[in-house]
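The values are calculated or read from the model by the stated rules, or taken from the named source; none is laboratory data. Please read all numbers here as calculations on a predicted model, not as lab measurements. Cβ placement follows ideal geometry from the backbone for every residue including glycine, while neighbour counts extend to all protein chains displayed.
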Amino acid sequence: MHSTSNVRLVNEQRCRVRELNGFHKTHRVPTENNDHTQRFVAKIAHADIGEDLDVRFADFRKHLGLKRIDLNVSAPISGEGKISTPDFEYVVSVRLDDDPADAVWRREIRNFEEAAPLLTPQFAAVFGKLFDAVEMDTDAQIDVEALIDTVEENESSEILINYDRTATWCDLSIKGVPAVMSVRSEQILLRALQPMTPASLLKSFLNLQSQVMSINPGLPE
């Protein structure tokens, strides 16, 4: 199985700023997105992030069999909290959306050297079908133009491709795989088209990655 050290399982959800626990009647909903309003949202989301960490902490003990010594919890700071385990990091954050009336919850699993712990029923019992994307940062820039040309020259009936006129990105999909892989010069993003368990999501990512690499070895692994 390919290295997963720079891969992240991701979910982002939006809520109204006024729905955060720290929002009081005397507060005003932001009308701009700037450093001040970002700090405001981070402050009023402090308790919400703490509650999320409490739930995950209990779930990690119950379903993954982890002990206190295995769980290093970083309390919410600047809108972000984290739990580090021997196998992965769980990070939860809240930030102001481009629409300043909304906040964005981001939850991710990162820094896992092996995918195996994330493919278990126990891991699925913790997160269910929460995650809907896989992000992978690349060490070297991807030649998106070359990738597009290679896929088109291959003329595979299994791999479908779409791209912009300047070839700054391309979207790849494989028949039968309910996900789309978006490739940019410095990042690969897989978006699920239907709810998936973490195991199914990771396997879909690795499957698409492997299929594309078979015709374009330059794609990072």
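Side notes on the structure shown:
- Of everything listed in (1) in the same structural domain as Arg56 (by TED's automatic domain parsing); (2) modelled with pLDDT of 95 or more; (3) surrounded by 14 or more Cβ atoms within 10 Å (Cβ to Cβ), the single unmet condition for Pro121 is (3).
- Criterion applied to Glu80, Glu32, Glu89, Glu12 was being of a type outside the set (A, V, I, L, M), touching a Ser or Thr at 6+ places or on another chain (Cβ under 7 Å) and on the phi < 0 side of the Ramachandran plot, and the one residue passing it is Glu80.
- Of all residues in segment 174-184, those being outside any strand (DSSP E or B) and either among the hydrophobic types (A, V, I, L, M, F, W, C) or surrounded by 13 or more Cβ atoms within 10 Å (Cβ to Cβ) (or both) number 3.
- Tally of residues being closer than 27 Å to Gln122 by Cα and hydroxyl-bearing (Ser, Thr, Tyr) across segment 159-217: 4
- Restricting Phe112, Phe127, Phe131 to residues that are within 27 Å of Ile49 (Cβ to Cβ), at pLDDT below 95 and under 20 Å from the mean Cα position of the chain (by Cα) narrows the list to Phe112.
- Qualifying residue in segment 22-31 (condition: over 26 Å from Met136 (Cα atoms), out of contact with any helix residue (DSSP H, G or I) (no Cβ under 6 Å at 6 or more places or on another chain) and hydroxyl-bearing (Ser, Thr, Tyr)): yes
- Number of residues in segment 126-169 that are aliphatic (A, V, I, L, M), surrounded by fewer than 14 Cβ atoms within 10 Å (Cβ to Cβ) and within 29 Å of Ser200 (Cβ to Cβ): the value is 2.
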